[in-house]
Structure formats: C-alpha cells, structure tokens
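Taking it in order: structure first as structure tokens, then the write-up.
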Amino acid sequence: MRFKELLVTDKQKTFQIGSTLVLFLGAYLPFFGATAKFWLYLLAYLIIGLPVIKEALVHLFQGKWFDENFLMTIATLGAFGVKQYPEAVAVMLFYAIGDLFEEVAVARSKRSITDLLDIRPEYAQIKMATGELKRVTPKEVEVGTTIVVKTGEKIPLDGIVTNGSSYVDTAALTGESEPRAVLSGSEVLSGMIVKNGVLEIKVTKEYGASTIAKILELVENASQKKAPTEKFITRFAKIYTPVIVCLAVLLATIAPLFFGRPFEPWFYRALIFLVISCPCALVISIPLGFFAGIGAASRQGVLVKGSDYLERLTKIKTFVFDKTGTLTTGEFKVAQVVPAEKVTPEELVRLAAIAEQHSPHPLARSIVSKNGQSQLPAVEALDEQVGAGVKATYLGKELLVGNAKLLKAHGFQPLVSDVKTVGSIVHVAYAGQVKGYLVITDTLKKTAKKTIAQLKAKELTPVMLTGDRQKSAQSVAKELGIAQFKAELLPQDKLVAVQKLQQKNGHQVAFVGDGLNDTPVLSQADVGIAMGALGSDAAVEAADVVLMKDDPQAILKALAVAKRTQKIVWQNIILALGIKTLFLILGAFGDVTMWEAVFADVGVTVLAVLNALRIMYPLKK
C-alpha cells in the first residue's frame, strides 16, 4: 500500500488533517480578530483532537490511565487553558500526521506477509459424473474428489494430478520464480497457480489441512508471540509514563513554591514535559521493527511464527541438522551397479526393477527409475518382506531383491566386492544364482555444503543427528565438513542429544528437520526450524520457523534478517530515549517551547518508524 493509496483508504483521517490544516493556517490571516482566531483554533482542535480525547476517555474507564492519548489530552487542554492555542492544535495535528506515517509503515512492513493472503483460493471446481464443472468453496470439497484447475487459476487444495500437464507458479509458496513442471502422478499444493493447460486433481487433504490453510494460519498468528525486547518496552512504558506524569505535577505545583515565580510559566513547562514524555516512539517503532523483520524474512521464503523466535535466532550458537530431507534431498538414486560374472549391468538393474515395480518404497522407486521407460513384465507371485526386501516368482523361477539378510535366509552368500560408494546395498539373486548388487544413495542438497561452511565462518557450530546407518552418516558428515554427528538414532535419542547440547553448552540450540519423527525435537529446541514445502505437516506445526523453499541456505538469510532487525530495534530505543531525556531536562529548565516538544515526540516517532522500515530493504548479498 503506497502513501496515496492510504490517503484514499483512510478518508476520515485525510479529511481531519486537511480540514485542520486549512483552519490552522487560516487563523494566521491578518483580517481575523482575536475572537475569530480563537474559534478557528477551537474548531481545528476539536476536528483533529476529538478521536484522541475519546480514546483517552475509553482507556480511562478501562483503567489505562497513562497512555499516549491521556498525555496528549492533558497537555493540549492545558495549553488551551494558558491560551497557547496554536501549540495545542499543533500537538494534535502533528500527532495525527505521525499516526498516518505509522499506518504507512505498518502497511509497507505487512505487505510481503499479507501478499500471501492473495493466494487464498476463492473457489474449487468439482468434476461431476456428467463431466460438468460445479463451482464450490474449497471448504466444501471432500478428500478423494476430483477438481479441475484451468490456466491462470489457483490450485485450491493439495492433491495428485490425475490428468493433464502444466507448468505451475510456486512463487507464493516457495519464493521461487522459475515455474515447475507437473505431470499425471505429480503432487501439487494449494496456492500454486497453473500457468498453461488444464489439470484434473484428486484431492488428498481437506482445506483445513491443506498447505495454503497452514501458511495463512502461520501468517495470521505471526505477531502474537512477542520478543523479550517488546515485552521489556511494554513493561518499561507502564512504569515510565506514571513517573513522568508525577514529575510534571511536581513541576507545576512544587517548583513555583521553591523558586518564587508565577504559577503559569511552570504549568506551561509541565505541559511541555508531558508532550515530550509520550512514549509513542518506543511503543510504536519497536513492535513495528519486529513485524518488519517478520515481513523481510517472508520475502526470503522464511516464515517466522513470532518476533520471539526472530530475536532468539540471534542468540543461537549451535545448529543441529537432521540428515535425510534436510541436508539431503531424500530422493534416492542408484549410484553403483556391481554385477556378477556373465551378468550385464542392464540385466541386473532390470531384474531388480521387475521385482520392485509395484513397491512404494523410495529405494524401490529409484531402482525402477534407473531401469528407464522400458516396459516391465509382471511377476507371478510377490511377497514383500518388510525390512528385508522382496521375494517374487518370475518366469517360474525365484527372484530375490533385498538386503544381505534376505539372501542368507534363502541359502545364498551375497556377492563380496569393493563397495566404492557409501549407501544402501540391494542384493539380487535369480534362478539359484547371485546376480550382483546395487548401491543406492541419497543426494546432497545443492546448498547444503555452502550453508555448513557459512555457519562455521560465523563461528556457529553445525551438528548432525540422523537415524541412518553409521557409515552413511559418516560419509555425509565428512563431505559437508560436520565434525559432530550421531547416527542410528531413534526420535527419542535425538531429543536426548539436543537436551544434552543445551545443558552442556549453556547456550541456545536450533534444530532443523523435516519429518514426522523430528516433531519432538523441533518442540524441544530453543528454535525449531522445519523444511516447509516438502516437510511433514507435523514438523511444520511443531516448528517456530518454516523454510518454504526446503533450502538450508534460507537459514543464513533468516539469521541476517534477525540480526539486522535486532540492530535497528536497539537503534530506535537509544534514539528515542536519548532525545527524550535531553529534551525533558531542557524542558524542565524552560529552554524548550511547545513546538520543540512536538519534535521530541512526533518527530522522534516518525524518525524511529522510518528507521524501522529499513529492515524491509533488500539485504546486501
């Protein structure tokens, strides 16, 4: 929302400021007498000041005595009492203008977050038995229903493409500008936009559990958890404001008795004191700063669930990573094919694919993918043995595909050879002979190594905890440069490991994971970071920070935003308290006019708000 848009949107405030300016400047025209000037000032004051006075009265009855509305009302009414009419109007006028600047700032800082609301799907089109399309709200669609999404439309619910192909725009979910190709069988998420073609999608999740609903829920709750700095400022204002009011009362009543001067100048000083003391700069700019930080993080593809977690990120010293799906893609591939004598690599892969063609296991899918697009013949019998492999009958002969335990159970000795690649070994035996084995590995994410190196450069400690085998974990840790790692861990083991790190190091620990089994440790960590685009719903729900691109590199971007936010927030605290303290001292000695007091209040607020907006500027690469 730009400034011009805001003026149009908030017509009432625009009218109040415009009318007050006309009356205020009109009162300076020479042909108006003293009485006419008084009525012009009074009318201007009522137009611009009534909302503040009304708010002060409402808060007064609610027991909130010492807020900025109360201070502004007392100070300006007092100014009218001592016939300082221009100053009284000016205080209210500049306060309203400052408030307008605040709205502009809030609108700008919220823009990158509330843009997500634009991806809220308005409708879904159900494909009826007759072939016709019926338009309904996404909440009405049940799991298993087939919906149709046309070019330019938003996908309203998560599902699997059953017919059609298209490129989809995923920018709203992941921040990636490059379209992604989807075909029949591809998984699609709500919030994606179909770029070309028509997709028929079988819904796999109801609207409340869909990706877009979860994201919107995170956005709407993003400002609920306050950072310690925010809480401190709130508590500080509750103590600071009553103390200032008491000092103003003493300045107006006790000081004239000691210094033997007329009451009116000291009363005027007390009014100036109240205007200067208004804590607007703090109570507005600090929350705004954190909200701007959350907005800046969202532009980097990182959803932070509250300013509390944004501030905690600056204190993290140890980053603990899960392996599969976090540092690795979780997409397996056949890295090495070792056939026995008189067996070709192609024959070995084909035999394995024939047995595994109907298995949903990731290792099985990688074998079928390695075989390519050639048609696979059906097996006559199939017995999938969980944790061991597959036993099948192919062309009347026994076919075994699985681990060494499966082969030994059927009287075979697995082929012994030099395994050059660390990974999962799948042995193949057919027609009474061992045919060889395949080595299947999980691939590293492109940015994983760079992320670990940059964390170490910042003197942050990377640790890896995984349920994978020791040899595989050791290989990944060595390649990434992670010195501390533990393997073959159950979820409860990861939890204990993180607890020990928290106790041993005496500083805060972040955990980065993506799976259902990571949920307990994500909750235990000081900051839980989930891979959001492909991670499990439970992991995203339990986490404090969600990386929408599934890219470890986004952690560095989140850290940069968090540190920048903290720096600017403290700049505003020092700026506001420093200027106000100086002007309060000068005001007590009568060296500040009401006009200068307005700067110390509204001027400092505007400066702090503009400074907070710097958080939204793109970070230097």
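Bear in mind these aren't lab numbers, they're just calculated from the coordinates by the rules spelled out. The structure displayed is predicted, hence computed values, not measured ones. Quick reminder, even Gly has a Cβ in these numbers, built from the backbone with ideal geometry, and neighbours come from all protein chains shown.
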Subject >> Calculated FRET efficiency for the pair E264/D591, C-beta based, R₀ 22 Å, to 0.05 >> reply: 0.80
Original post:
Hey, rough spin-label estimate for F61 and K456, points 7 angstrom out along Cα→Cβ, what's it come to in nanometres?
Top reply: 6.6 nm
Original post:
When only Cα pairs under 8 Å and 6 or more residues apart are kept, what is the percent relative contact order across region 560-619?
Top reply: 55 percent
Subject >> Potential extension, K397-V143 segment - 0.36 nm per residue separation minus Cα distance >> reply: 87.3 nm
Subject >> Cα-based Rg of region 518-614 normalised by 2.2 N^0.38 Å, two decimals >> reply: 1.72
Subject >> Over region 394-531, relative contact order from alpha-carbon pairs under 8 Å, at least 6 apart, % >> reply: 14 percent
Subject >> Highest to lowest packing among 313-320, 252-259, scored as the average C-beta count within 10 Å >> reply: 313-320, 252-259
**OP:** Could I have the simple spin-label model distance between F15 and I239, label points 7 Å from Cα toward Cβ, reported in nm to one decimal?
**Re:** 4.5 nm
**OP:** For an R0 of 51 angstrom, estimate the FRET efficiency from the Cβ-Cβ distance between L610 and L183 and round to the nearest 0.05.
**Re:** 0.55
Subject >> Q375 paired with R135, simple spin-label distance in nm, labels 7 Å along Cα-to-beta-carbon >> reply: 4.5 nm
